[in-house]
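Inspection log for the structure reproduced underneath, given as structure tokens.
The values are calculated or read from the model by the stated rules, or taken from the named source; none is laboratory data. Note that the structure is predicted; figures quoted are calculated from it, not measured. Ideal geometry is used to build each Cβ from the backbone, glycine not excepted, and the neighbour counts take in all protein chains shown. The area values use the complete protein model at the heavy-atom level, side chains included, leaving out ligands, DNA and RNA. Shrake-Rupley method; radii C 1.70, N 1.55, O 1.52, S 1.80 Å.
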Amino acid sequence: MNKIGSVQQLILSQVEKLAQNSGYDFLFESDYGELLGQIIERDDSGSITETPFSFKLFINEEKGTGKIIPYNPKGELRHQEFNIQNPQTIIALLTFIQTHL
């Protein structure tokens, strides 16, 4: 597993909070130069029943920029770009995720 950078950690922690506030769990795997994330719903036994939102995350830690390729059950959604130097892009990204939960 690859080391998680500070920009990546910021995005992941905020996505996890959004998922939890909406009653979902958040899983991610960072391997082979790519991060895959899933917001999932579980039944009472802990089995996954639905994946309302998933994404691929690409981040340039040195520049503080990145792109997310989001998916819902119907397919790929509009790509979202962000820049840590421009907080509005982070807010727009998180708002986009929240509206798709």
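Scanning segment 1-44 for residues being open to solvent by 80 Å² or more (accessible area, probe 1.4 Å), closer than 26 Å to Asn86 by Cα and more than 13 Å from the chain's Cα centre (by Cα) gives a total of 3.
In this structure, is Ile97 in contact with a Gly (Cβ under 9 Å, 6 or more places away or on another chain) and among the β-branched types (Val, Ile, Thr)?
Taking the combined requirement at face value, the residue does not satisfy it.
When segment 51-91 is limited to residues that are aliphatic (A, V, I, L, M) and open to solvent by 50 Å² or more (accessible area, probe 1.4 Å), the one that is modelled with the lowest pLDDT turns out to be Ile84. Here Lys74 passes the criteria (1) without any contact (Cβ under 8 Å) to a residue 40 or more places away in the chain; (2) within 19 Å of Gln8 (Cβ to Cβ) except the one numbered (2). Residues that are touching a residue at least 60 places away in the same chain (Cβ under 8 Å) and of a type outside the set (A, V, I, L, M) within segment 15-45 comprise Ser22, Tyr24, listed in sequence order.
Among Ser45, Ser54, Ser13, Ser30, which is among the hydroxyl-bearing types (Ser, Thr, Tyr) and assigned to a loop (DSSP other than H, G, I, E, B)?
On the way: Ser54 fails: assigned to a loop (DSSP other than H, G, I, E, B); Ser13 fails: assigned to a loop (DSSP other than H, G, I, E, B); Ser30 fails: assigned to a loop (DSSP other than H, G, I, E, B).
That would be Ser45, the only listed residue that is among the hydroxyl-bearing types (Ser, Thr, Tyr) and assigned to a loop (DSSP other than H, G, I, E, B).
Confirm whether Ile68 is touching a Ser or Thr at 6+ places or on another chain (Cβ under 6 Å) and either in a strand (DSSP E or B) or closer than 16 Å to His100 by Cβ (or both). Can you show your working first?
Values: touching a Ser or Thr at 6+ places or on another chain (Cβ under 6 Å): no; either in a strand (DSSP E or B) or closer than 16 Å to His100 by Cβ (or both): yes.
Spelling it out, it is not the case that Ile68 is touching a Ser or Thr at 6+ places or on another chain (Cβ under 6 Å) and either in a strand (DSSP E or B) or closer than 16 Å to His100 by Cβ (or both).
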